[in-house]
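Colleague: Structure in structure tokens, see below.
The values are calculated or read from the model by the stated rules, or taken from the named source; none is laboratory data. This one's a predicted model, so the numbers in the text were calculated from it and none came from an experiment. Cβ placement follows ideal geometry from the backbone for every residue including glycine, while neighbour counts extend to all protein chains displayed. Side chains are part of the model used for accessible areas, which takes the heavy atoms of the whole protein and leaves out ligands, DNA and RNA. Shrake-Rupley method; radii C 1.70, N 1.55, O 1.52, S 1.80 Å.
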Amino acid sequence: MGQTAAEHLANWPAAQSALAPAGPGAFAIDRLGTIMILGGAIILALVVMLTIVALRPGIRARRIIQGPRFVVAMGIAFPVITLTALLIYGLVVTRGLVASEAPRLRIEVTGEQWWWRVNYLDADGAVVLSTANEVHIPIGHQIEFILKAADVIHSFWVPALGGKLDMIPGRINILQLTAAKAGVYRGQCAEFCGAQHAIMSLHVVALSPDEFERWWARSVGAAAEPPNDFARRGQQLFGTHGCGACHTVRGTEAIGEIGPDLTRVGSRTSIGAGLLPTNVGTLAGWVSSSQHLKPGNRMPSFDRMEGPDLRALATYLASLR
Amino acid sequence: MEAPTPAKLPNPLPRPPNELARLEEAWRLPTGLRWLTVVNNSHIGILYIGAALLFFLLAGLLAVLMRIQLAVPGNTLIGHELYNQLFTMHGTMMMFLFAVPVVEAMGILLLPNMLGARDLPFPRLSAYAFWAYFIGGLVFFTSLFAGLAPRSGWFMYPPLSSSAYSPGINADFWLLGIGFIEISAIAGAIEIIVGILKTRSPGMSLDKLPIFAWAMLIFAFMIVFAFPAVIVATLLLELERAFGWPFFIAEKGGDPLLWQHLFWFFGHPEVYIIFLPAAGMVSMIVPTMAGVPLIGYRLVVLAILGTGFLSFGLWVHHMFTTGLPSLSLGFFSAASMAVAIPSGIQVFAWIATFASGRRIQWTTPTYFVLGFLFIFTLGGLTGVMVAMMPFDWQAHDTYFVVAHLHYVLIGGMVFPLFAAFYYWAPTVSVRPLSEKLGRWCFWFLFAGVNLTFFPMHVTGLLGMPRRVYTYIPGLGWEIPNLISSLSTGLIFTGILIFLVDLCLNFRPFRENAGNVWNAGTIEWLPASTYQTRSIPIVRSREPVWDQPGLAEDVANGRYYLPGTVTGGRETLITSPVDAEPQYVLTLPGNDAKPLIAAAFTAAFFMLLTVKFYAIAVICGVIALLTVIAWMWDCDPSWDGPPAAIGGGLQVPINVGGQMGHAWWATVVLVLVTGTAFTCLLFSYLFLWLSKPGIWNASPLPELSWAFTTAVVYLAAWAALHYAGRTLARGGSAHPFLFTFAAVLVSTAAASEAYGHWQAGVRPHATAYGASVFALASFQIFLALTLTVLIVFSVARYVAGRTTESRRASFDTTALLFRATAVQGLVALALIHGFPRALPS
Amino acid sequence: MSTRITRTALGLSAGFLIWAAHFTLIYALTAVTCSRGYIGVGTLRTSLFAATVVALILTFAVLPRALKPRSGRTLSFLGETGALVAGLAMIGILWNAVPVLFLPVCR
């Protein structure tokens, strides 16, 4: 990762904390965690206190903790009682998290080295909208994530909304999440997946149902036409450099499926799966030196492009909104 | 056994004048370069610990590099390529080259004295295990400098570690590194099990066994049942990488989760494999420092047994996020609760023991034990947290887990180990370690470990995944990461102080400082190169406290076997439950063969990894020949009279059969191979469960072929049976029958594989074929091993070294033979019966 | 002599062996049912409870044997430890059945 990337990363606003829950699943886990942390702290304090008493021959209370009966009481009876209670509570929380209701939306997310392919599915399971590294969802609704892996094991995790679930080649895992309030929630691959595991993030944008509908209407359908000649030149360069072999821009000749769908790339929060914020400059930087910015990813560096061409191409990409 | 009263100790004084000189001569250490040929466990133990500490330091330095990289966000100091190698090597080395070997080494070092044995029964095996581990470990580490170190994390999940995503030999180096520790761990486990069961002092019945020995016994059995799973896993992965057998490739019917099941079936017990001996050490140290026997001995034994068993029911709690049905996960969550009880018992038994002491000795070991209590309890509590599935769904694979595992492993194992170093140093060193430096070391480590790892709980809950080489600012991770990184310096300083202490004060291999803590167990009796001058009669759990004058009487030779009967090295073999004397075992002296065999074994594996096949095979053959030469002298005959070991007791010398130590070792080996076999059966059934379609579509050989193979196995059994009878009767047909049995068992194993090949099954085509041929290959491997053993045994017979009465080579081979035949029949029933029994 | 140590080992670990058998059985039953579905979810739940009851009875049956008076400290020590093991195993078996009460099967 180059210096430029590090600088850009510095401007990243995001929330990726399990301690700032924003959905019912994350709330329930947070409560369970808080109870266990408090309980654990009390037990630790108790053990420390007992140890201090044990080490001070002067203290009278020491006599109580001298025999095997104390060992049975604290080592067997006490954990049996507390852990039974905890086990039952934990199972009740678990039941709440795995119980499924009919989802409002079904979104297939595929982990690839090192980005996220996002497909919105219709009732029959057909893809109606394809994007990458960013998921828009309406708040207050159960969303079903259908998790797959294209190459190695990845793990889908948006801490503010709930726990993680692995994406395993040959298996399909289902995760249901709900966002309670609007906001942008950052997620990151949690299972080590190779060289650039550290740079594999995604953003979940939770919108009010109305806003979500507006976003949806904006997002389906063909790509926007280039707004000016400069961008149009960029579109031609996109074709002549063979970008369409790997990328799709709906409504154009670009129908490649190896890399992310670029139909709305200009509107996405980040490029490179959380590497850089999207703008003309970063897009140009990514095209010309993706191997420098994120070594090992499958996008070659187009480092022979002339400056003006690069800018035209980046302008075109940025116009895809 | 009924112990004689002190007035009637087994041997009278004065002792014959040359008795001690002969004993010293038998146990004399070689000098100069020949020193490398030492084999006795108490010396190998020190080398073993030294090597493990070296790997601890190296792996620790890798961690320091990682902490420097993570000190600030967006750091460009260490790139992803190196970083991913660093954390893989750090985890692998700490677990496989430090933690397991060092506790095993502590056992090998301490057990002879603690049991009152001159040595454990297989000193050369320990020497071999040590050298294989040391040489292999060094080579494994140097792969880092060539950029060839593995980089898929210490649990090497496929498909990331498969050839498609890890081309090159980096991953193979991991499999190599693990191979060595597998060999040495299992060799050590055999030594420890047979040693604890058979070489205890008379009177040390199981209810008087020191807790450390209980812990090491269960530790060794856990290795026997856990390590085969990782052996099988690494073999399957290497078969996939080298020959394309698709065990873990989903498109061909494999399943990446098979690896996770096998790996964690080893990996979770592994944590307790490390913890149990450490807890055993604490159970020895606390009573000494409190000056009273351990409170709740029986409960602590229960806890050790409980940990040993229950820890095998936890492995899926490393797989809570893989999407298995929540009920299946629930079973493991519940079992994870259950394993908390044994830990609780031990913690409160130690507290109760401290509470019972009239005067606590405030020594460096005491400090480390108290530090351990705090850190381990905290780690145990976060362990209960991650055992709750919903919480784990957040915490899994984050820095919270990194914090938890370091608390458990450093608290549960490193602190007890340092306590043990300071505590037992006087038994092997002329001077104890410095109390003053020890205190400094403790406080630096205690502060450093807490300040480094406690903030990681927070970093994890703030969303930081583990194994990232860099991170972005603005997520709240900067401050905790910086604290963690800076505090690493405290740990580093603490370790440095310990090393200085070692340099200044640790002087092993000569006399020792003696019972400086006034401890009660017999490893504190006077000892020299021959360990104990005479083998004591043990009448309580703390004989040194309860049997006045014991040290003096033992040192003067008033107890059993005060000299050498045969003129060479010997120890006393006792019965496993009651420790009644059974026979005197002669032990081998210094020998270069274990070192040579280990070096060539290491060369064999390393050259295979770098694909120099021809030289590799040559090295392998040399290693094998060396082992054969070493085995040639085993099972020696003794024509003299039984040994008078004192007290009017006449015991035989070198007994074979079911009382013999070789037979016991083979029983343990059969458990190892049986567990490996079971793991292969599991793999077959698991892959069926995962991808049943392939099972229905795959061809099966005719049933008659399976029956024929079964008949050949039975015929092999019969041939073996008659070979045994002819041996007992001195009949000349023995070599022919025995050889014939080898031919038959090899034929049976080969015919199973051939049948499937004829039917059109191919190992590289589907996971079904791969799992069928994996089972068949394992049987072929065992049959080949048996053939080598049988040729060896027959050669001994021809040379007059195997006779009616000296038949250990036959008996042990026969045991493995029968186990192989049973496995062959079970595999036939499963592979030919199961698909036919399935509803189509 | 080897039969004596074998008996000792079995006596010490009987409770845990039953725990292990129970654990393996309920895990395997659940795994096979959830991926193959030879038996219904209701039947699975019933069989899991039945397995638990049988395991508890078996573990309980270890106690009288373990606790019967014996000559010698070693033997009574081993017997009593075996009884404690059975007790801990019962807790383990009971806890393993708790998830069946609270969790949906196969989800």
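Colleague: Could you check B:Ala59 against (1) more than 30 Å from A:Leu293 (Cβ to Cβ); (2) at pLDDT 95 or above; (3) not in a helix (DSSP H, G or I) and say which number it fails?
Modeller: (3)
Colleague: Right, something else. Tell me, which residue of region B:314-329 that is in a helix (DSSP H, G or I) and in contact (Cβ under 8 Å) with a residue 40 or more places away in the chain is nearest to the other protein chains (Cβ to nearest Cβ)?
Modeller: Within region B:314-329, the match that is nearest to the other protein chains (Cβ to nearest Cβ) is B:Ser326.
Colleague: Report yes if A:Glu144 is more than 30 Å from B:Ser152 (Cβ to Cβ) and within 14 Å of chain B (Cβ to nearest Cβ), otherwise no.
Modeller: yes
Colleague: When the residues of region B:462-481 are narrowed to those that are of a type in the set (A, V, I, L, M) and crowded, with 21+ Cβ neighbours inside 10 Å, which ends up farthest from the other protein chains (Cβ to nearest Cβ)?
Modeller: My answer is B:Met464.
A quick yes/no check of all residues on (1) farther than 20 Å from C:Ile26 by Cβ; (2) within 13 Å of chain B (Cβ to nearest Cβ); (3) touching a residue at least 12 places away in the same chain (Cβ under 8 Å):
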residue: C:Arg65; (1), (2), (3): yes, no, yes
residue: C:Arg73; (1), (2), (3): yes, yes, no
residue: C:Phe102; (1), (2), (3): no, yes, no
residue: C:Val105; (1), (2), (3): no, yes, yes
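Colleague: Restricting to region A:160-184, what's the tally of residues that are within 12 Å of chain B (Cβ to nearest Cβ), surrounded by 21 or more Cβ atoms within 10 Å (Cβ to Cβ) and either of a type in the set (Ser, Thr, Tyr) or without any contact (Cβ under 8 Å) to a residue 24 or more places away in the chain (or both)?
Modeller: Number of matching residues: 3.
Colleague: Just to be sure, is A:Glu112 acidic (Asp, Glu), within 24 Å of C:Arg107 (Cβ to Cβ) and modelled with pLDDT of 95 or more?
Modeller: no
Colleague: Checking the conditions here, which among B:Ala733, B:Ala759, B:Ala728 is surrounded by fewer than 17 Cβ atoms within 10 Å (Cβ to Cβ) and free of Cβ contacts under 8 Å to residues at least 12 places away in the same chain?
Modeller: Of the residues listed, the single one that is surrounded by fewer than 17 Cβ atoms within 10 Å (Cβ to Cβ) and free of Cβ contacts under 8 Å to residues at least 12 places away in the same chain is B:Ala733.
Colleague: Go through region B:161-175 and count every residue that is of a type in the set (S, T, N, Q), surrounded by fewer than 18 Cβ atoms within 10 Å (Cβ to Cβ) and closer than 16 Å to B:Ser143 by Cβ.
Modeller: 0
Colleague: For region A:118-142, give me the residue count where each residue is open to solvent by less than 50 Å² (accessible area, probe 1.4 Å) and assigned to a strand (DSSP E or B).
Modeller: The total comes to 13.
Colleague: So in region A:185-232, with the set limited to residues that are surrounded by 15 or more Cβ atoms within 10 Å (Cβ to Cβ) and of a type in the set (Val, Ile, Thr), which one is nearest to the other protein chains (Cβ to nearest Cβ)?
Modeller: A:Ile199
Colleague: For region C:36-62, how many residues are open to solvent by 50 Å² or more (accessible area, probe 1.4 Å) and farther than 16 Å from C:Ala97 by Cα?
Modeller: Number satisfying all stated conditions: 5.
Colleague: Of the residues that make up region A:102-117, is at least one open to solvent by 50 Å² or more (accessible area, probe 1.4 Å) and under 22 Å from the mean Cα position of the chain (by Cα)?
Modeller: Yes, some residue in region A:102-117 is open to solvent by 50 Å² or more (accessible area, probe 1.4 Å) and under 22 Å from the mean Cα position of the chain (by Cα).
Colleague: Any residue that is in a loop (DSSP other than H, G, I, E, B), within 24 Å of B:Thr626 (Cβ to Cβ) and open to solvent by less than 10 Å² (accessible area, probe 1.4 Å) - is there at least one of those in region B:121-144?
Modeller: Yes; the residues of region B:121-144 include at least one that is in a loop (DSSP other than H, G, I, E, B), within 24 Å of B:Thr626 (Cβ to Cβ) and open to solvent by less than 10 Å² (accessible area, probe 1.4 Å).
Colleague: For a quick check of your reading: which helices (runs of 4 or more DSSP H) sit entirely within region B:348-445 and have at least 3 residues that are under 19 Å from B:Met106 (Cβ atoms)?
Modeller: B:364-387, B:415-428
Colleague: Which residue, of B:Val414, B:Val458, is without any contact (Cβ under 8 Å) to a residue 60 or more places away in the chain and within 10 Å of chain A (Cβ to nearest Cβ)?
Modeller: Exactly one of B:Val414, B:Val458 is without any contact (Cβ under 8 Å) to a residue 60 or more places away in the chain and within 10 Å of chain A (Cβ to nearest Cβ), namely B:Val458.
Colleague: Among what's in region B:782-829 and is exposed (fewer than 15 other Cβ atoms within 10 Å of the Cβ) and touching a helix residue (DSSP H, G or I) at 6+ places or on another chain (Cβ under 7 Å), pick the residue that is modelled with the highest pLDDT.
Modeller: The qualifying residue modelled with the highest pLDDT is B:Val798.
Colleague: Applying the selection to region B:394-436, what residues are within 19 Å of B:Val468 (Cβ to Cβ) and open to solvent by 10 Å² or more (accessible area, probe 1.4 Å)?
Modeller: Matches in region B:394-436: B:His396, B:Tyr399, B:Val401, B:Val402, B:His404, B:Leu405, B:His406.
Colleague: Could I ask something else about it? Listed residues C:Leu84, C:Leu94; which is within 8 Å of another protein chain (Cβ to nearest Cβ), open to solvent by 20 Å² or more (accessible area, probe 1.4 Å) and either in contact with a strand residue (DSSP E or B) (Cβ under 7 Å, 6 or more places away or on another chain) or under 24 Å from A:Ala85 (Cβ atoms) (or both)?
Modeller: Result of the check over C:Leu84, C:Leu94: C:Leu84.
Colleague: Here's another thing I want to ask about it. Quick one: in region A:271-298, which of the residues that are open to solvent by 40 Å² or more (accessible area, probe 1.4 Å) and within 22 Å of B:Leu82 (Cα to Cα) is nearest to the other protein chains (Cβ to nearest Cβ)?
Modeller: Per the stated criteria, the residue is A:Gly296.
Colleague: Further, regarding this structure: Can you pull out the residues in region B:630-644 that are farther than 16 Å from B:Phe122 by Cβ and among the hydrophobic types (A, V, I, L, M, F, W, C)?
Modeller: B:Trp638, B:Ala643, B:Ala644
Colleague: A further question on this structure: Take region A:88-99 and flag every residue that is at the interface with chain C (Cβ under 7 Å from one of its Cβ atoms) and either in contact (Cβ under 8 Å) with a residue 40 or more places away in the chain or of a type in the set (D, E, K, R) (or both).
Modeller: A:Arg95
Colleague: Another question, if that's okay. Among B:Ala338, B:Ala250, which is the only one that is open to solvent by less than 10 Å² (accessible area, probe 1.4 Å), more than 25 Å from A:Arg62 (Cα to Cα) and facing chain A (nearest Cβ under 9 Å)?
Modeller: Of B:Ala338, B:Ala250, the one residue that is open to solvent by less than 10 Å² (accessible area, probe 1.4 Å), more than 25 Å from A:Arg62 (Cα to Cα) and facing chain A (nearest Cβ under 9 Å) is B:Ala338.
Colleague: Residues B:Gly412, B:Gly306: which one is within 24 Å of the chain's Cα centre (by Cα), under 19 Å from B:Pro277 (Cβ atoms) and modelled with pLDDT under 95?
Modeller: Among B:Gly412, B:Gly306, only B:Gly412 is within 24 Å of the chain's Cα centre (by Cα), under 19 Å from B:Pro277 (Cβ atoms) and modelled with pLDDT under 95.
Colleague: Same structure again: For region B:173-199, which residues satisfy the criterion of being closer than 21 Å to B:Met94 by Cα and modelled with pLDDT of 90 or more?
Modeller: B:Ala185, B:Ile186, B:Ala187, B:Gly188, B:Ala189
Conditions tested, residue by residue: (1) at pLDDT 95 or above; (2) open to solvent by less than 10 Å² (accessible area, probe 1.4 Å); (3) in contact with a Pro (Cβ under 9 Å, 6 or more places away or on another chain).
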residue: B:Arg28; (1), (2), (3): no, no, no
residue: B:Leu54; (1), (2), (3): yes, no, no
residue: B:Asn75; (1), (2), (3): no, no, no
residue: B:Glu81; (1), (2), (3): no, no, yes
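Colleague: Any residue at all in region B:635-654 that's within 24 Å of B:Thr820 (Cβ to Cβ) and crowded, with 19+ Cβ neighbours inside 10 Å?
Modeller: Checked region B:635-654: at least one residue is within 24 Å of B:Thr820 (Cβ to Cβ) and crowded, with 19+ Cβ neighbours inside 10 Å.
Colleague: Let me ask something additional. Restricting region A:38-59 to residues that are more than 7 Å from every other protein chain (Cβ to nearest Cβ) and small (Gly, Ala, Ser), which is farthest from B:Gly383 (Cα to Cα)?
Modeller: Restricting to residues being more than 7 Å from every other protein chain (Cβ to nearest Cβ) and small (Gly, Ala, Ser), the top hit is A:Gly58.
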